[in-house]
2 protein chains.
Amino acid sequence: MDQISTAAKPHDELAMLLSEEMRAVDTLIRARMVSKNAPRIPEVTAHLIEAGGKRLRPLLTLASASLCGYDGPFHVHLAATVEFIHTATLLHDDVVDESAQRRGRPTANLMWDNKSSVLVGDYLFSRAFQLMVETGSFRVLDILANASATIAEGEVLQLTAAQDLRTDQEIYLQVVRGKTAALFAAATEVGGVIAKAPPAHINALREYGDALGISFQIVDDLLDYGGSSANLGKNTGDDFRERKLTLPLIKAIAQADETERKFWSRVIEDGHQQDGDLEQAMELMRHHGALEATRDDAVFWAERAKSAISQLPETRLRNLMIDLADYVVSRVS
Amino acid sequence: MDQISTAAKPHDELAMLLSEEMRAVDTLIRARMVSKNAPRIPEVTAHLIEAGGKRLRPLLTLASASLCGYDGPFHVHLAATVEFIHTATLLHDDVVDESAQRRGRPTANLMWDNKSSVLVGDYLFSRAFQLMVETGSFRVLDILANASATIAEGEVLQLTAAQDLRTDQEIYLQVVRGKTAALFAAATEVGGVIAKAPPAHINALREYGDALGISFQIVDDLLDYGGSSANLGKNTGDDFRERKLTLPLIKAIAQADETERKFWSRVIEDGHQQDGDLEQAMELMRHHGALEATRDDAVFWAERAKSAISQLPETRLRNLMIDLADYVVSRVS
């Protein structure tokens, strides 16, 4: 443990500190994604679960529980639960967004088909449900049931808000809470609940997860336009092409004059995009300071996350969770 | 109540006997499918939930609970739960099967789009989850979590078994348990559990639901070929065209000679269907007695359902549940 470099990323440090628990989570995930009757299930999920990603949500659950003095075994179940829910929403998202890439590999949707993505997603939801029932905590079930409803509502709201120029910052925040922050908040809150932490600490953990999730998603949406420095790479502008009203766009549209509104109406509402439109959109965002303002919002939420978690007693884990909030916004600094 | 005609269908009689509870279920369903943030949700679900269908599953839950002497309030929650789960699976089924009609109306899939069907289905699952948490019974949660996993596994298994001539009666039974019987069995079992019925009665209720569900699905699959009398109407042969290996087909294929196997291989595995193939398939099923044998299986399961429920004390409700099993197979007599 003494060997951890101070330059390591906070989630990598968290993963090292919690490596034993994370191995238990991996083992549980592998054991539970098996289906004797339907071998296609592990085939589809392996491709997502092995790819791994950062395993950020299970890490947050383990860290929250450990931070509150819990040493097992149900934080492992809950960490696997949130990863299953996350993977299931990715699978369902693949179907609906017709996105071609996820975590750098072809989506399950393309490798298999829409049917498998929907049904295997449902299977993972039901497996998550079984895992949380095993914890024997009604409060945990209540939190995760409410989070599931918020996630689904947020996804539907995103659908109806897309391509609609009336989408404002308030609607954006609701969508972000649904698609990202609800599961972050549940992941940290259930960690505190399973540890039987005092109410103030549980609230602080929930607030941390919520604010971190919002900050995380705002940063993601900003990076789609190359970050606040607006460096367009080959993967930028996807949201623009899909006519998604994310925060940078919403902020620019809010300040649009007559001519600019006609432009936004053509490219977003009507979807008549041509060469140079993305550059024009970027120019308008720069002109109105929309990218910097979006970055400021991300920093605001990261600060809120830090302030919430600071209410808990100082430990190495707590400090890494503070560092994590800083790290999230450092991607756009 | 004295006015009920003895010629009424058993589920209509059950609905009349339990009309007060059924109204409470309807009220609860309407209250819980609302979404303040995402108005599209009730728009999509109304189309399925108002169309109504027979509301067979919630009726079974209410009947099972009442039969065991329970008078509320959580059988209403559980009845709404099973209807939400059922509606959610229909929505996800619409996406995956590209079916054009459901309950005589255009599917949500066509009226809206794949995205809405997937996400609104997810929303209903989460609403079902919230409702069952409210019952405060871990045993109920455990039963419904396991049923959800069996449903999803069965749907995936159906996917991989489709168009595969090796699909046998054992695999068919697993698929049927997943797509139909698991929710029927959970619907009746949780009725007994919430009523704190003795273990033998709860087991009998579960067995009844399981066997009734299997019988129900076999009849459905037989009706797709016009029933045991094989009267082809305009809606028959859908499963054949979709190359689904249901029981009548499986029984005919099991007895196929060399020439017949080539036929099945062409129309089911390769999907090269032409005019006259459905008639040829019907002829082979008739020749091998596959339709009558399928009907016999449906009757076998209906008898098993009756024998299970007969273990409970005789009441009007119990006798209607026996009648219901007879009614299910009367559709193909």
Please report, to two decimal places, log10 I(q)/I(0) for the range B:10-330 at q = 0.10, 0.16 Å⁻¹ as given by the Debye formula with identical point scatterers on the Cα atoms and no solvent. -0.59, -1.34
Phi-based couplings in Hz for the range A:129-142 (Karplus 6.51, -1.76, 1.60; Gly and Pro marked x): 4, 4, 4, 6, 4, 4, 6, x, 10, 5, 5, 4, 4, 4
Inter-chain shielding metric for A:157-170, i.e. average beta-carbon neighbours from other chains within 10 angstrom, reads 2
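Which shape class applies to the protein assembly as shown: rounded if a/c is under 1.5, otherwise prolate when a/b exceeds b/c and oblate if not, where a ≥ b ≥ c are the square roots of the Cα gyration tensor eigenvalues?
The shape class here is prolate.
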Between residue A:165 and residue A:300, what is the FRET efficiency for a Förster distance of 30 Å, r being their Cβ-Cβ separation, to the nearest 0.05? 0.75
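Relative contact order of chain A, please, whole-number percent, based on alpha carbon pairs below 8 angstrom and at least 6 residues apart.
On the way: 452 pairs, mean separation 61.8, N = 333.
Normalised by residue count, the contact order of chain A is 19 percent.
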As a footprinting exposure proxy, order A:299, A:133 by other Cβ within 10 Å, with the fewest listed first. A:299, A:133
3J(HN,Hα) from dihedral phi, the range A:270-286, Karplus parametrisation 6.51/-1.76/1.60, rounded to Hz, x for glycine, proline: 7, x, 8, 9, 9, 3, x, 5, 4, 4, 5, 4, 4, 4, 5, 5, 5
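Listing B:332, A:44 from the residue with the fewest other Cβ atoms within 10 Å to the one with the most, what is the order?
Numbers: B:332 21, A:44 26.
Ascending number of Cβ neighbours within 10 Å: B:332, A:44.
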Averaged across the residues of B:87-94, what count of C-beta atoms belonging to other chains lies within 10 Å of each residue's C-beta? 2
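For peptide A:39-45, what's the mean number of Cβ atoms from other chains within 10 Å of each residue's Cβ?
2
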Can you work out ³J(HN,Hα) from phi for every residue in the range A:318-330, in order, using Karplus 6.51 cos²θ - 1.76 cosθ + 1.60 and θ = phi - 60°, giving whole Hz and x for Gly and Pro? 4, 5, 5, 5, 5, 4, 4, 4, 5, 4, 4, 7, 5
State which stretch of chain A is the longest one without any exposed trypsin sites (Lys or Arg not before Pro), exposure meaning a DSSP loop state and at most 15 other Cβ atoms within 10 Å. A:235-330
Using only helices, what value at 222 nm comes out for the protein assembly as shown when you add -39,500 (n - 2.57) per DSSP H run of length 4 or more and divide by the total residues, to the nearest 500 deg cm²/dmol? -22000 deg cm²/dmol
Listed residue pairs exceeding 25 Å between alpha carbons, taken from A:9/A:251; A:54/B:179; B:36/B:196; A:179/B:115; A:9/A:244; A:36/B:115: A:9/A:251; A:54/B:179; B:36/B:196; A:9/A:244; A:36/B:115
Longest exposed-loop-site-free stretch of chain A, with GluC sites (Glu not before Pro), DSSP loop and at most 16 other Cβ within 10 Å? A:99-241
Rank the residues A:164, B:297, B:257 as a footprinting-exposure proxy: fewest other Cβ atoms within 10 Å of their Cβ go first. B:257, A:164, B:297
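Quick note: the coordinates plus some simple rules give every number you see, no bench work behind them. The shown structure was predicted, so the numbers you read here are calculated from the model rather than taken from an experiment. Using ideal geometry, Cβ is built from the backbone for each residue, glycine included, and neighbour counts are taken over all protein chains shown.
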